[in-house]
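Comments concern the structure below.
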């Protein structure tokens with residue numbers, strides 16, 4: 001029976017070109033060797049399993065190789081390479097700082113640095129987990145690290161760069177190893193599976209790569225575990241079952257239930273997930289990630305940001321076509337709110353269930369808001385027509401600079417927006433489109449065929465209040481409060497001003513402004529009516545006073561307080 005060797009050791013990279021996901025770093029090191037531009041100390045930083053120690057060993061082996069290839073790789077045949085492969089090289093010294101972190105250990109290392117190499121040109125010292133060294137050990141190491149002998153090269157590796165003192169950092173060339181991409185890990189696992197004679201489903205390898213969280217060593221360990229579980233044929237379901245991962249299909253089903261507004265099926269499916277022992281919070285995070293992927297799939301340019309297999313990616317693309325962007329954003333807002341409140345919730349399952357119910361109600365909520373203005377009847381009243389004999393044209397000049405606070409601007413929404421030769425079709429552009437700085441040409445607006453009847457200020461107030469109460473019934477409290485707080489101010493016969501307290505209030509109202517102005521124009525039968533928004537400073541802001549200021553303010557109203565203070569020898573805190 002042959003001795004089993006785990007894949008993380010068996011397939012450990014032996015050359016720069018076989019290091020996975022760190023091409024920029026390996027190319028830099030190869031160029032440094034080629035040009036004889038080698039630093040005396042390197043610091044390799046990064047999370048676990050990304051190749052720090054592996055790259056350090058490859059660098060040490062390549063430095064002492066007698067017959068390096070044209071691509072600056074070790075020959076693996078010379079005496080130096082052979083001694084390295086067998087672990088008998090006297091030119092490469094590895095120290096685990098997690099268990100050898102005292103001053104005495106560093107002093108012993110310094111004594112060895114003075115000895116010249118017996119074979120080759122360099123002696124390489126690899127110190128793993130260097131952040132575990134004590135403060136005294138770091139200080140003892142400083143001088144040698146800054147001015148080592150010509151033959152000495154130090155390679156420090158750490159997962160916690162922030163714990164290393166600045167004086168050490170300043171003496172090293174720092175290389176930050178990035179997390180290995182899911183696709184790179186999956187491709188490497190496919191190569192390992194082929195060498196081992198194992199048939200593997202690509203979706204299963206992608207799932208293993210995702211579970212590894214950017215660490216190739218973890219991915220290879222999981223791969224060995226799945227091979228032990230399933231034999232020489234790895235299927236997607238094997239990985240899901242063995243690692244107890246919540247399948248993508250559950251999330252796709254939840255979105256389908258939300259589109260059908262099927263609250264019952266959604267809660268039953270959630271109960272199935274809980275009964276299988278899956279963590280509720282992980283499910284909530286996973287559902288948020290699912291909607292994030294759906295939003296990314298709305299644009300072909302960003303699809304590459306989704307790190308899943310081709311089959312799952314196609315499912316995301318197909319489902320994203322069934323959803324509009326507004327629905328996905330509202331869903332992400334709901335799920336993010338539940339995520340924030342999850343830790344402090346006393347009944348966490350109920351919190352998630354409520355979120356799922358709200359998710360299944362988003363579609364009807366959106367349609368309800370859409371039909372807001374359509375559900376309001378037009379008030380019947382007649383007025384004197386002010387339509388001129390000649391058509392009136394207006395030019396809207398694009399805004400070139402952002403609108404500053406405490407300034408007023410005209411939020412005019414005309415009754416039609418078209419080319420000069422077109423006919424009025426009753427469509428209305430949004431206020432954001434008219435104020436957008438991306439419009440490079442002037443737009444001509446024709447109001448030749450639009451109603452323009454006379455109306456009084458009282459009639460405007462009636463329509464104003466009617467729309468306010470409908471907003472209250474529809475749950476748009478912010479807009480409702482803004483309309484009822486102050487009466488509209490008259491600027492001229494067809495222009496009125498609405499005053500708001502803040503920029504935030506203005507941004508919210510602009511999202512619903514088109515329906516508001518359209519309703520007023522239909523009510524008053526005057527499509528030349530315009531509403532300007534003005535932000536005013538709040539004069540009633542609370543002023544924070546010091547203890548002394550509070551006392552002086554009270555003493556003005558009651559001068560006897562000074563006598564009381566002197567009588568009892570009281571001090572006022574500042």
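Taken together, the values in this text are just the output of simple stated rules run on the coordinates, not laboratory data. The shown structure was predicted, so the numbers you read here are calculated from the model rather than taken from an experiment. Here Cβ is always computed from backbone atoms with ideal geometry, including for glycine, and neighbour counts include all displayed protein chains.
Quick notes on this structure:
- Each of 342, 327, 568, 141 was scored by other Cβ atoms within 10 Å of its Cβ. Arranged with the fewest first, they read 568, 342, 327, 141.
- Global geometry of segment 459-512, whether rounded, prolate or oblate, following the gyration tensor of its Cα atoms and the 1.5 cut on a/c: oblate
- If R0 equals 22 Å, the separation of the Cβ atoms of residue 499 and residue 473 corresponds to a calculated FRET efficiency of about 0.40.
- Ratio Rg/Rh, restricted to segment 5-63 and using Cα atoms, in which Rh is the Kirkwood radius: 0.97
- Against the empirical curve 2.2 N^0.38 Å, the C-alpha radius of gyration of segment 279-321 lands at a ratio of 1.17.
- For segment 17-162, the calculated P(r) over all alpha carbon pairs, in 10 Å bins from 0 to the bin holding the longest distance, is 11, 41, 37, 10, 0 percent.
- Sorted by Cβ density within 10 Å, fewest first, the residues 28, 54: 28, 54
- With semi-axes defined as the square roots of five times the eigenvalues of the C-alpha gyration tensor, the equivalent ellipsoid of segment 51-93 measures 15, 14, 7 Å, largest first.
- Remark: the residue 77-residue 167 segment gains 28.4 nm on full extension, using 0.36 nm per residue and subtracting the alpha carbon distance.
- With neighbours defined as other Cβ atoms within 10 Å of a residue's Cβ, the residues 76, 492 order from fewest to most as 492, 76.
- Calculated Rg and Dmax of segment 304-345 using C-alpha coordinates, Å: 13.8, 38
- Two-site FRET efficiency, residue 300 against residue 235, from Cβ-Cβ distance with R₀ of 30 Å, rounded to 0.05: 0.50
- Whole-number Å³ per residue for the convex hull built on Cα positions in segment 248-370: 110 Å³
- Stretch gain in nm, segment residue 311-residue 350, where the contour uses 0.36 nm per residue and the Cα spacing is subtracted: 10.7 nm
- Computed Kirkwood radius, in angstrom, where 1/r is averaged over Cα pairs of segment 451-574: 18.0 Å
- Distance cut-off 16 Å, percentage of C-alpha pairs in segment 182-243 lying past it: 29 percent
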